[in-house]
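Okay, so here's the structure we're looking at.
Every number in this text was worked out from the coordinates using simple rules, so none of it is lab data. Given the structure is predicted, the values throughout are model-derived calculations rather than measurements. Here the Cβ positions follow ideal geometry from the backbone for every residue, glycine too, while neighbour counts run over all protein chains shown.
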Amino acid sequence: MFDPDLLNTLRKARHIAVFTGAGVSAESGIPTFRDAQLGLWKQFDAARLASPDGYLADKALVWGWYEWRRMKVLQAAPNPAHLAIVELADQTEKLTLITQNVDDLHERAGSIGVIHLHGSLHKPRCFACARPYLCSSDIPEEPADGRRLEPPRCEHCNGRIRPGVVWFGEFVPETEWQQAEIAVSTCDVLISVGTTSLVWPAAQLPKDAAQNGATVIQINPDETALDRIAHYNLRGRAGDILPGLAEAIRTVS
Ligand code: OAD
C-alpha cells in the first residue's frame with residue numbers, strides 16, 4: 001500500500017526524472033558494486049580494473065574483465081523494474097531516465113533517450129584517439145571466471161581499444177551531465193532506484209532535484225546516503241516496488 005499523497009504527487013507530476021543505479025539490474029542477475037558479499041568491488045580490485053592507470057598497467061586483464069561483464073549483460077534480460085519505468089513513461093507527460101549503469105537493460109526494456117552518466121559496456125573506444133570501436137553484437141564467449149584478453153587495435157591509429165565506461169579519476173561525459181542537470185532542475189519528482197548514492201558527481205543529482213523543489217522518492221531495500229534527503233523512502237526491491245507504483249498510478253488515473 002502506497003501513501004496516497006505519494007500517489008497523488010506522481011499522478012500530478014508533469015516531468016518525472018528516474019535516476020538508477022546497479023540495484024535496478026540486480027534482479028536481472030547483474031551484480032551490484034558494493035554488496036557486502038557479491039558486490040564487484042568486494043571481489044575485484046577497482047584500482048586495477050576501473051582506472052586509466054590500471055588499464056595501462058595490464059590491458060589484457062582489464063579488457064578481459066569487461067568482455068566477461070559484457071557477456072553477462074548480454075545473457076541477461078530486463079526485469080520488471082526496467083519494464084515498469086517504461087510503463088511509467090507511458091503514463092507521464094515527460095520522463096527522463098538517468099542511469100549510472102553501463103548495461104543496456106533499460107534500452108532493451110524499451111526506454112528511449114536514456115542518459116548514461118558512466119558510459120556503456122557496449123561502446124568501447126580507442127584509448128589513444130578516442131574514436132569509437134564497433135564491437136560485434138554477438139555475445140562474447142568468455143569462460144565463467146573470465147580470462148586475460150588482449151584488447152583489439154584501433155583501425156584508424158592502431159592504438160589499443162578500451163572499455164567505453166567512466167573510470168575512477170575520469171570526468172563524466174559533458175553532454176550527458178548537462179542533460180541530467182537540466183532534468184533535475186525541471187522535474188517535479190525524482191525517483192532514485194537501486195543506488196548507494198555514494199559516487200560523485202552522480203550522487204549530487206537527487207540532492208539538486210530536492211533543492212529545486214522536486215519531491216524525491218527513493219526505492220532501495222537498504223539504507224543509503226540519500227535517506228535523509230528523500231521525502232519518501234520505499235524499502236524493498238525495485239522489481240516489486242516499481243511495478244506496484246506504476247499499477248497504483250494507472251488504476252487511480
Ligand atoms: P552500488 O553497488 O553502490 O549500490 C547498489 C544499490 O542497489 C545498493 O544501495 C543496494 O542496496 C541496492 N539494491 C540491491 N538490490 C536491489 C534491488 N533488487 N532493488 C533495488 N535496489 C537494490 O551501485 P551504484 O550506486 O550504482 O561506477 O554505484 C555507483 C557507481 O559505482 C557505479 O556506476 C560504478 C561504481 O563504481 C562506474 O562504473 C563509473
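Highest mean first, how do 213-221, 69-77, 175-183 rank when packing is the count of other Cβ atoms within 10 Å averaged over residues?
Numbers: 213-221: 21.4, 69-77: 18.0, 175-183: 16.3.
The most tightly packed comes first, giving 213-221, 69-77, 175-183.
For region 188-245, evaluate the Debye formula with one uniform point scatterer on each Cα (no solvent term) and list log10 I(q)/I(0) at q = 0.14, 0.20 Å⁻¹, rounded to two decimals.
-0.33, -0.67
Have a look at the DSSP beta bridges in the chain and tell me what percent are antiparallel, nearest 5. Mind showing how you got there, number by number?
Numbers: 6 of 27 bridges.
So the antiparallel bridges amount to about 20 percent of the total.
Which length gain, in nm to one decimal place, applies between residue 1 and residue 174 when the Cα-Cα distance is subtracted from 0.36 nm times their residue separation?
Here the answer is 58.3 nm.
Relative to the present Cα-Cα distance, how much length would full extension add between residue 14 and residue 157 at 0.36 nm per residue of separation? Write down the numbers at each step before the final one.
Working: separation 143, 0.36 × 143 = 51.48 nm, distance 4.72 nm.
Full extension of this stretch gives 46.8 nm more.
Give, in whole angstrom and from largest to smallest, the semi-axes √(5λ) of the equivalent ellipsoid of region 20-156, with λ running over the eigenvalues of the Cα gyration tensor.
Working: eigenvalues 148, 66, 38 Å².
Square roots of five times the eigenvalues give 27, 18, 14 Å.
Less than 19 Å apart at the alpha-carbon level, and either on another chain or at least 8 residues along: which aspartates and glutamates does that give for residue 12?
The reachable aspartates and glutamates, counting only those whose Cα sits under 19 Å from residue 12, are 3, 87, 90, 93, 188, 247.
When the chain is fully extended, how far beyond the present Cα-Cα distance does residue 57 get from residue 34, taking 0.36 nm per residue of separation?
5.9 nm
Set the Förster radius R0 to 25 Å, insert the Cβ-Cβ distance between residue 182 and residue 251 as r into 1/(1 + (r/R0)^6), and round the FRET efficiency to 0.05.
Details: r = 32 Å, r/R0 = 1.27.
Plugging the Cβ-Cβ distance into 1/(1 + (r/R0)^6) gives 0.20.
To the nearest 20 debye, what is the magnitude of the charge dipole of the chain about its Cα centre, counting +1 on the Cβ of each Lys and Arg and -1 on the Cβ of each Asp and Glu? All intermediate terms of the calculation are to be shown ahead of the outcome.
Details: 25 positive and 31 negative charges, 78 e Å.
For the chain, the charge dipole is close to 380 debye.
Only helices at least 15 Å long along their own axis, judged from Cα atoms, and with Kyte-Doolittle mean hydropathy of 1.6 or greater: name those in the chain from DSSP H. Walk me through the numbers on the way to the answer.
On the way: long enough: 59-75 (24 Å, -0.50); 80-91 (16 Å, 0.53); 174-186 (18 Å, -0.64); 238-252 (21 Å, 0.77).
Counting only whole DSSP H runs, no helix qualifies.
Quick one: which of 190-201, 3-14 comes out on top by average Cβ neighbours within 10 Å, and what's the full order, highest first? Don't skip to the answer; put the middle values down first.
Details: 190-201: 21.7, 3-14: 15.1.
Averaged packing, sorted descending, gives the order 190-201, 3-14.
Eigenvalues of the Cα gyration tensor times 5, then square-rooted: what semi-axes does that give for the chain, in whole angstrom, largest first?
Numbers: eigenvalues 223, 65, 56 Å².
Calculated on Cα positions only, the semi-axes equal 33, 18, 17 Å.
Which listed residue (77, 51, 26) has the Cα farthest towards the positive end of the charge dipole for the chain, taking +1 on Lys and Arg C-beta and -1 on Asp and Glu C-beta about the Cα centre?
Among 77, 51, 26, the one farthest towards the positive end of the dipole of the chain is 51.
Compute the signed sum of charges (Lys and Arg +1, Asp and Glu -1) over the other residues within less than 12 Å, Cβ to Cβ, of residue 165.
Working: positive: 69, 70, 123, 125, 162; negative: 103, 170.
Computed value for this residue: +3.
For region 122-225, with only Lys/Arg (+1) and Asp/Glu (-1) charged at the beta-carbon, what is the dipole magnitude about the Cα centre, in debye rounded to 20? Please report the intermediate quantities before stating the final value.
On the way: 9 positive and 14 negative charges, 97 e Å.
Value, rounded to 20: 460 debye.
Can you tell me the mean projection area, over all orientations, of the convex hull of region 138-253's alpha carbons? Units nm², please.
Numbers: hull surface 46.8 nm².
Hull-based average projected area comes out at 11.7 nm².
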